[in-house]
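Visitor: Below are the structure tokens for one structure; questions will follow.
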Amino acid sequence: MKFSINRDAFLKPLQVVSGAVERRHTIPILSNVLIQVQPDGIRLTGTDLEVELVSSCAIDDGEAGQVTVPAKKLVDIVRSLPEGALVQFSAAADKAMIRSGRSKFTLATLPAEDFPNIDDWDSDIQLVTSQSTLKDLMERTSFSMANQDVRYYLNGMLFETDANTLRTVATDGHRLAMSSCSIGQPNLAARQVIVPRKGVTELLRLLDDVDTEVKVLIGNNHIRVETNGIGFTSKLVDGRFPDYRRVLPSGGDKVVVADRDTLKQACSRASILSNEKYRGVRVNLSAGEMCLTANNPEQETAEEVIEVDYQGASLEIGFNVSYLIDVLNTIQGNQVKLTLSGPDASGLVEDNDDDSSLYVVMPMRL
């Protein structure tokens, strides 16, 4: 097999699929990228058995065939070539050769027949939206995913479809983020699936803030996202996500509206002297004012007082300041609304002008 291609046209799809490739894997072929030369172009595939990325690109000329080569080395070689250079790729026996100008590289290959492909599967739910919508929905919640939690179903993001609505939810047991958007498909069936953390990370890397159409296919064990000639497939987490609706606080009678930037900066400054392990800050509310205090085992203290729109009774409650900062970094609006009911109840945080996303933060005992 052989083909010729412009370096710039080759590099981007190569970088895309290499994102799924594990650097250190016990199965050698999983460190490789599968290259298939077809009459209409080349198809590149990378996988770690959990996530699979496929990308296609046109070629100047080629001879049909397929081979697998080390992904990281090939990306590094192509990236190091001059912009606009012509890359000539050929493979025979157990070697692949890459030529460009007076540069020549020889790589060891492994048989394409041994490359694991995710089996064909049928999707029972299909929806169409834009890259920017899907990316925004995921970015609003991804920070709340658990990382290596023994409750494996928390190490990922819930995708929920319901008539006309696509919703993402993530929680690590101490906080919860939920975001919804309308996608104009009233006949969408109700379904919940959990996409693993690696799949979420790769999908966020793949999507751009553009209005390009993206197609989402959901099956029993897989989710596939197709856009711009790129196909992303991920296995789903086999587990049941907690009923997040039971976690959403209701009946909160203490509503605080604050300037988002002012509150974020106050939290950031208070966090400097919070306990490095527990990251707790004490929030004291009184009419028109919020006081944040933090201290640490060295008896050092920080105190921040900001003006807020609040007319309720005085309240003292503790929060993990890192969780508050994460939420304030994610909210886009100028004002943030906190709804509280008591010192032992979770707080609800929202954008004051946009109710499509909700954030729940559990209180801390300080």
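Visitor: Using a/c under 1.5 as the rounded threshold, could you call segment 96-245 rounded, prolate or oblate? The axes a ≥ b ≥ c are square roots of the C-alpha gyration tensor eigenvalues, and prolate needs a/b larger than b/c, oblate otherwise. Working shown, then result.
Guide: Details: a/c = 1.94, a/b = 1.67, b/c = 1.17.
Cα axes put segment 96-245 in the prolate bin.
Visitor: Okay, next question. Using a probe radius of 1.4 Å on heavy atoms only, what accessible surface per residue do you get for the chain? Whole Å² is fine. Could you put the intermediate results ahead of the total?
Guide: Numbers: 17840 Å² over 366 residues.
Roughly 49 Å² per residue, with all protein chains present.
Visitor: From the backbone phi of segment 230-241, what are the Karplus-calculated ³J(HN,Hα) couplings (6.51 cos²θ - 1.76 cosθ + 1.60, θ = phi - 60°) in whole Hz, Gly and Pro given as x?
Guide: 10, x, 10, 10, 9, 5, 9, 6, 8, x, 10, 6
Visitor: What number, in percent, do you get for the relative contact order of segment 146-275 if the mean sequence gap of Cα pairs under 8 Å and at least 6 apart is divided by its residue count? Show your work: numbers first, answer last.
Guide: Details: 174 pairs, mean separation 25.1, N = 130.
Relative contact order of segment 146-275: 19 percent.
Visitor: Let's see if you can work this out: charge +1 on each Lys and Arg Cβ, -1 on each Asp and Glu Cβ, no other charges. What is the dipole magnitude of segment 10-125 about its Cα centre, in debye to the nearest 20? Walk me through the numbers on the way to the answer.
Guide: On the way: 11 positive and 17 negative charges, 201 e Å.
Dipole of segment 10-125, to the nearest 20 debye: 960 debye.
Visitor: Starting from the Cα of VAL210, step 7 Å along the direction of its Cβ; do the same at GLU298; then give the gap between the two resulting points in nm.
Guide: Taking the simple label geometry, VAL210 and GLU298 are separated by 4.9 nm.
Visitor: Beta carbons within 10 angstrom, averaged per residue: use that to sort the peptides 212-219, 264-271, highest first. Before the final figure, lay out each step's value.
Guide: Working: 212-219: 17.1, 264-271: 19.2.
Per-residue Cβ counts within 10 Å, averaged per peptide and sorted highest first, yield 264-271, 212-219.
Visitor: How much net charge surrounds GLN15 when only the other residues with a Cβ under 15 Å from the Cβ of GLN15 are counted, with Lys and Arg +1 and Asp and Glu -1? Don't skip to the answer; put the middle values down first.
Guide: On the way: positive: ARG7, LYS12, ARG23, LYS72, LYS73, ARG79, ARG205; negative: ASP8, ASP76, GLU83, GLU202, ASP208.
Here the count lands on +2.
Visitor: Still on this model: Would you mind getting me the FRET efficiency between ARG245 and SER314? Use the beta-carbon distance for r and R0 = 35 Å, nearest 0.05. All intermediate terms of the calculation are to be shown ahead of the outcome.
Guide: Details: r = 31 Å, r/R0 = 0.88.
The pair ARG245/SER314 has a calculated efficiency of 0.70.
Visitor: A follow-up question, please. Output ³J(HN,Hα) for segment 349-366: one whole-Hz value per residue in order, computed from phi by the Karplus curve 6.51 cos²θ - 1.76 cosθ + 1.60 with θ = phi - 60°, and x for Gly and Pro.
Guide: 10, 9, 6, 4, 10, 8, 9, 6, 10, 10, 10, 10, 10, 6, x, 10, 8, 10
Visitor: A further question follows. For a 22 Å ceiling on Cα separation, which of these pairs sit above it: LYS72/LYS95; LYS72/LYS198; LYS254/LYS277; LYS12/LYS198? List each step's numbers first, then the result.
Guide: Details: LYS72/LYS95 16 Å; LYS72/LYS198 18 Å; LYS254/LYS277 29 Å; LYS12/LYS198 20 Å.
As for pairs spanning more than 22 Å Cα to Cα, those are LYS254/LYS277.
The values are calculated or read from the model by the stated rules, or taken from the named source; none is laboratory data. Quantities reported herein were computed from a predicted structural model and do not represent experimental measurements. Cβ atoms come from the backbone with ideal geometry, glycine included; neighbour counts cover every protein chain shown. Quick note on the areas: whole protein, heavy atoms, side chains included, nothing else; ligands and nucleic acids left out. Shrake-Rupley method; radii C 1.70, N 1.55, O 1.52, S 1.80 Å.
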